[in-house]
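The values are calculated or read from the model by the stated rules, or taken from the named source; none is laboratory data. Not measured: the values here are computed from a predicted model. Neighbour counts run over all protein chains shown; Cβ positions are idealised from the backbone, glycine included.
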């Protein structure tokens, strides 16, 4: 199919400010759960999620870990400057490698109060493991869309950049949470299975899981698998254009183990349930990257642009297992145990899902790419789900309640 002709104003709804959760519930799994199965809408509590999933399903979860990406510097004059770390530039663009750097490195960043800092170094003194450390930041050019390249350096080469962020950074809460980050957010703006550092926004559908919930899933013979998609700040970028084809989707890094791809391959066509829109985009991107690998086996296919699937008229004839096999064969030939790629995949109404059978997700902002992904799966039913949830006092967005969608 061609790039969809979609009007973003058709994918909006009235979200009162008091329905946006500003804090998490005391218990993660006490959140409300709306279940949309076919045309049926039911209500439950998230701790009972296992009762709603088909036995023998595979649940795929995003194990990315939110970094404490906000660094506050004080100017000698007394004014503060906030630097928001988005993604690494040099000496590596690989997120996990960037956190292990022990010397100067360049990051793409946003700058709060940028007019206060036009040149020179910013310096921050801190105590790390009982020792004084000096962290410096220097502007090094513009990156477009209001972002800048910032060079960081520090005077203790035994300390990694990841360690510095954990010590000195602050939790990057979404812009619709209208308060300062607090100590509780360090733990709660994170899933309990977060492992791979690299996100500046959380895969919030996973917030509701507890060890007890995971045990209940295993007891129902539901297989748990993990993938990684490092969530970028672009996930909050609103659609401001009149025609969807003009919207530029943000690029995000995905990392998937060969063992996970094999398990997916052997599990299909049994149900695959994605936890969160990030897992949806990762799994569907794997299919399309596998299709590209199948057609161009001479080199590793590691980039998926946002409209590629919509310009591919031959793909309906390629089953998902063929795409996954192509990825595995490429990895085996090159001795790779991990597949790393970047995706801009934008899933909108008209998209046909190749891997997932259902999804667990939170509620999403009006006129957002994430809401369009939901509409692509549910069709017009999304309006009924959101109308029901607003009428029944569900809490919305990152710290809000949860949804289960199954066809």
| request: For segment 181-199, enumerate the residues that are in a loop (DSSP other than H, G, I, E, B) and surrounded by fewer than 22 Cβ atoms within 10 Å (Cβ to Cβ). | output: 181, 182, 190, 192, 193, 194, 195
| task | Take residue 223 and decide whether it is within 16 Å of the chain's Cα centre (by Cα), in the same structural domain as residue 368 (by TED's automatic domain parsing), modelled with pLDDT of 90 or more and surrounded by fewer than 18 Cβ atoms within 10 Å (Cβ to Cβ). | result | no
| query | Residue check: is residue 297 out of contact with any strand residue (DSSP E or B) (no Cβ under 9 Å at 6 or more places or on another chain), buried (at least 21 other Cβ atoms within 10 Å of the Cβ) and in the same structural domain as residue 230 (by TED's automatic domain parsing)? | reply | no
| said: When you scan segment 388-401, do you find a residue that is surrounded by 19 or more Cβ atoms within 10 Å (Cβ to Cβ) and either part of a helix (DSSP H, G or I) or not assigned by TED's automatic domain parsing to the domain that holds residue 208 (or both), even just one? | reply: yes
| query | Taking segment 140-150, which residues are under 20 Å from residue 233 (Cα atoms) and either in contact (Cβ under 8 Å) with a residue 12 or more places away in the chain or part of a loop (DSSP other than H, G, I, E, B) (or both)? | reply | 143, 145, 146, 147, 148, 149, 150
| remark: Residue count, segment 250-259, condition surrounded by fewer than 18 Cβ atoms within 10 Å (Cβ to Cβ) and either touching a helix residue (DSSP H, G or I) at 6+ places or on another chain (Cβ under 7 Å) or part of a helix (DSSP H, G or I) (or both), comes to 2
| Residue check: is residue 340 surrounded by fewer than 24 Cβ atoms within 10 Å (Cβ to Cβ) and either modelled with pLDDT of 95 or more or assigned to a loop (DSSP other than H, G, I, E, B) (or both)? | yes
| field | Residues that are touching a helix residue (DSSP H, G or I) at 6+ places or on another chain (Cβ under 7 Å) and modelled with pLDDT of 95 or more, drawn from segment 31-43 | value | 31, 33, 34, 35, 36, 41
| Could we say that residue 18 is part of a helix (DSSP H, G or I), without any contact (Cβ under 8 Å) to a residue 40 or more places away in the chain and in the same structural domain as residue 352 (by TED's automatic domain parsing) here? | yes
| query | Are any residues in segment 356-387 over 25 Å from residue 264 (Cβ atoms), in a loop (DSSP other than H, G, I, E, B) and in contact (Cβ under 8 Å) with a residue 60 or more places away in the chain, and if so, which ones? | reply | 364, 365, 366, 367, 368
| Is it the case that some residue within segment 32-41 is within 15 Å of residue 209 (Cα to Cα) and either more than 23 Å from the chain's Cα centre (by Cα) or not assigned by TED's automatic domain parsing to the domain that holds residue 123 (or both)? | yes
| said: When you check residue 224 against the structure, is it assigned to a strand (DSSP E or B) and either over 22 Å from residue 172 (Cβ atoms) or out of contact with any strand residue (DSSP E or B) (no Cβ under 6 Å at 6 or more places or on another chain) (or both), yes or no? | reply: yes
| message | Looking at the structure I just gave you, is residue 84 touching a strand residue (DSSP E or B) at 6+ places or on another chain (Cβ under 8 Å), over 28 Å from residue 229 (Cβ atoms) and modelled with pLDDT of 90 or more? | response | no
| request: Could you list, in sequence order, all residues of segment 90-127 that are outside any loop (DSSP other than H, G, I, E, B), closer than 23 Å to residue 199 by Cα and touching a helix residue (DSSP H, G or I) at 6+ places or on another chain (Cβ under 7 Å)? | output: 98, 99, 105
